[in-house]
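Colleague: Starting off with a structure, shown below.
The values are calculated or read from the model by the stated rules, or taken from the named source; none is laboratory data. Being a predicted model, the structure only gives us computed values, none of them experimental. We place every Cβ from the backbone using ideal geometry, glycine too, and count neighbours over all the protein chains shown. Surface areas here come from the heavy atoms of the whole protein model, side chains and all, with no ligands, DNA or RNA. Shrake-Rupley method; radii C 1.70, N 1.55, O 1.52, S 1.80 Å.
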Amino acid sequence: MIRIKRKSKMNGSGANRSRPARGHVRGPDRHPPTRMSKTTVETKKAASSERAEVGPTMQGSDILVAALEREGVDTIFAYPGGASMELHQALTRSKRIRTVLPRHEQGGAFAAEGYARASGRAGVCMATSGPGATNLVTGMADAYLDSIPLVAITGQVPQHMIGKGAFQETDIFGLTLPIVKHSYLVTDVNDIARIVKEAFYIAQTGRPGPVIVDIPKNVQQQRTQPVFPREVHLPGYDPDRKADDVALNEIIGLIEKAERPVLYCGGGIITGNASEELRKFVEATQIPVTTTIMGVGAFPETHPLSLRWLGMHGTAYANWAVSGEFRKEGDKTVKVAAGADLLLAFGVRFDDRVTGKVDKFCETGTIVHIDIDASEINKNKPANLPIVSDIRYALTRLNELIRKRPLQKKFTAWHQQIAAWKAKAPLRYRVTEEVLKSQHMLDHMGGDASEVILPQMVIELLYELTQGDAIITTGVGQHQMWAGQWYQYKHPRQLLTSAGLGAMGYGYPAALGAKVACPEKQVIDVDGDGSFLMNVQELATAHIEKIAAKALILNNQHLGMVVQWEDRFYKGNRGHTYLGDPEKMKQIYPDFVAMAKSFNVPAERVMFKKDLRAALQRMLDSEEPYLVDVITPYTEHVLPFIPAGRTVADMIYQE
Ligand SMILES: Cc1ncc(C[n+]2csc(CCOP(=O)(O)OP(=O)(O)O)c2C)c(N)n1
Ligand SMILES: [Mg+2]
């Protein structure tokens, strides 16, 4: 028997109360009944033997591993403990699965996510009960918000101890209810094989997400003859949704009527493997494309029709194209140029970091919203034409329809307007007065502005040296935004970043997971000093497991993004945002180079511009993990910037 998460319980959690549960595994009808009459059971058994493979008698832990192997799992990021060591013993007997030992379960969960984001296949992490399981929670929340397929396996105390406050007992099933797509507490060894099959299916289909499988120790130790199903039966779970032709023809009609259409594309395009179809659609329609940060790489950013990414720190021209350009005249806001009259929102969720004040977002445009997850429709922004569909299907069919009846529209005036916007406010940076007057200049540059390294320069140079082909992971903060702005992404699954949750500490472990999934690729974590320190222990995993992921730290000795908000909204008053040693402010603290060396990871620090190129090249040439610590001024702000909850009229950008 398994415990199934009920819709009522899921909706009981705070903000979700008023809207339907997210995803497609929902409600009491979503799963076969847990109690069946004897006859039903017999008939099911007979039917299932054709669709299943029966194995020899084995222990639960070995069944789990055999089931993982059948799902094609080649790597698991797993940290052992009392309630999961049985599972680790079984993993030592596997010839197909590589077990990577992270140095913290959070690192393991992020690595599994990095693996999933880079490869498109579910990432797998494992931890023991109690503290091991709770250390996975941030990674699961991250996977939930960014729709990443993740299977998290946890050991649990033996069944007879559950509810007794046993040593290292935590109700991880209950704890993770609001941040998983589905959860299982396995109470019968005979269920393990089926549950693993279902867990991978649920995690990877429809809108992907995290699934937790909690297995009590006694279940791991029980023996039975496993039945490995070949198929999954989940009545009520229908991830295969397809738009009908009527709706798709309506979209074409809207395009034909539009003068200023914009495509606003998100992570759904990448998850739905729809990039190629998107490119064809754009070329056939000539509609400019902006993406969310999750959607970066879904459309080549080097393409003339790319507007790069939009939102709080997106390009000015993407934000103008969607919502229009405005000028402030005293208290009045004057419209300078109109934004989109048609917004094709494909695989997006109208996240507040994108929309700002949501009712002003694309205020005058007709909105078409396609998403695989019905619960996203009309959640944040009402759509004029809502369509629940697999995005690749919808785009493929749209392309077929357009091929049969090519569009007549050219949108010439709109393209000219966008070209003018691009010329007016490209992404740019310069050595500002603030930089020149900063402590950084006094302490480290000897007042010589020509040697100062701005963070944007580092990423621009990295882009040049890697020919734009590397996989980039990030921490969270200013460096994350600059990594998005100054590297141009040509392919899906190239920028792996904690977008929805914004979890510092994500970058380096995610880089390890991505490097395991794509060993032939250059994988670089562009990180902040604060973020990197949060999972610095993973340098050990990198060295011991020989995972050559690189770490490039933009070290401003501060929690830079919070500093930026302090500067803008709190008169620069520092509320615990300095990370250096207040008694030795000239010293760079902590010493990441010495730290990396203690893990046997080669490392170097760069302070002056003249040394940057060669250092980055050494990092790229290294066949083992490598760390470069680049010291940058903390005074730099990420621009453009639309303050939270505000509108495009409030956008600050460099003119
Ligand atoms: C786990 C976690 N704690 C706190 C925050 C809030 N936060 C967002 S950005 C930021 C600063 C990050 O500093 P750093 O990693 O050095 O990057 P920088 O902004 O300096 O580039 C903080 C504290 C967060 N996003 N995640
Ligand atoms: Mg910092």
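Colleague: Provide the per residue accessible area, probe 1.4 Å, for the range 417-536, rounded to a whole number of square angstrom.
Modeller: On the way: 3910 Å² over 120 residues.
For the range 417-536, the per-residue accessible area is 33 Å².
Colleague: Now a separate question. Taking only protein heavy atoms and a 1.4 Å probe, what accessible area per residue, in Å², does the range 72-191 have with all protein chains in place? All intermediate terms of the calculation are to be shown ahead of the outcome.
Modeller: Working: 3830 Å² over 120 residues.
Per residue, the range 72-191 has 32 Å² of solvent-accessible surface.
Colleague: With +1 assigned to the C-beta of every Lys and Arg and -1 to the C-beta of every Asp and Glu, and no other charges, what is the dipole magnitude of the chain about the Cα centre in debye, to the nearest 20?
Modeller: 1580
Colleague: Top to bottom by accessible area (1.4 Å), largest first, where do Val73, Val476 land?
Modeller: Val476, Val73
Colleague: About its Cα centre, how strong a charge dipole does the range 465-613 have in debye, to the nearest 20, once Lys and Arg get +1 and Asp and Glu get -1 at the Cβ?
Modeller: Dipole size: approximately 340 debye.
Colleague: Can I ask one more? For the chain, take N as its residue count and report Rg(C-alpha) divided by 2.2 N^0.38 Å.
Modeller: Rounded to two decimals, the normalised Rg is 0.99.
Colleague: At a 1.4 Å probe radius, carbon and sulfur cover how many percent of the accessible area of the chain?
Modeller: Here it works out to 52 percent.
Colleague: Considering the options Val282, Pro509, Ala499, tell which one lies farthest towards the positive end of the dipole of the chain, charges being +1 on Lys and Arg and -1 on Asp and Glu at the Cβ, about the Cα centre.
Modeller: Val282
Colleague: Further question on the same structure: Provide the packing ranking of 51-60, 455-464, i.e. peptides ordered by the mean count of other C-beta atoms within 10 Å per residue, highest first.
Modeller: Numbers: 51-60: 15.6, 455-464: 20.3.
The densest-packed peptide leads the list: 455-464, 51-60.
Colleague: In the full protein assembly as shown, how much of Ile293 is accessible to a 1.4 Å probe, in Å² to the nearest 10?
Modeller: It works out to around 40 Å².
Colleague: Report the one residue of Pro382, Met534, Phe592 whose Cα lies farthest in the direction of the positive end of the charge dipole of the chain (charges on C-beta: Lys and Arg +1, Asp and Glu -1; origin at the Cα centre).
Modeller: Of Pro382, Met534, Phe592, it is Pro382.
Colleague: For the range 369-511, would you read off the P(r) tail past 18 Å as a percentage of all alpha carbon pairs?
Modeller: Roughly 76 percent, rounded to a whole number.
Colleague: For the range 451-576, what class follows from the C-alpha gyration tensor (a ≥ b ≥ c being the square roots of its eigenvalues): rounded when a/c is under 1.5, otherwise prolate if a/b is larger than b/c, else oblate?
Modeller: Prolate is the answer for the range 451-576, as a/c is 1.5 or above and a/b outweighs b/c.
Colleague: Counting only residues 5 or more places away or on other chains, whose amide H sits under 5 Å from the amide H of Glu53 once H atoms are built in the peptide plane?
Modeller: Phe228, Arg230
Colleague: Semi-axes of the range 182-236's equivalent ellipsoid from the Cα gyration tensor, sqrt of 5 times each eigenvalue, largest first, rounded to whole Å?
Modeller: 21, 13, 8
Colleague: Can you give the convex hull volume of the alpha carbon atoms of the range 362-439 per residue, in Å³?
Modeller: Taking only Cα atoms, the range 362-439 has a hull volume of 217 Å³ per residue.
Colleague: Distance between the C-alpha centers of the range 310-369 and the range 441-463? Whole Å please.
Modeller: Here the answer is 34 Å between Cα centres.
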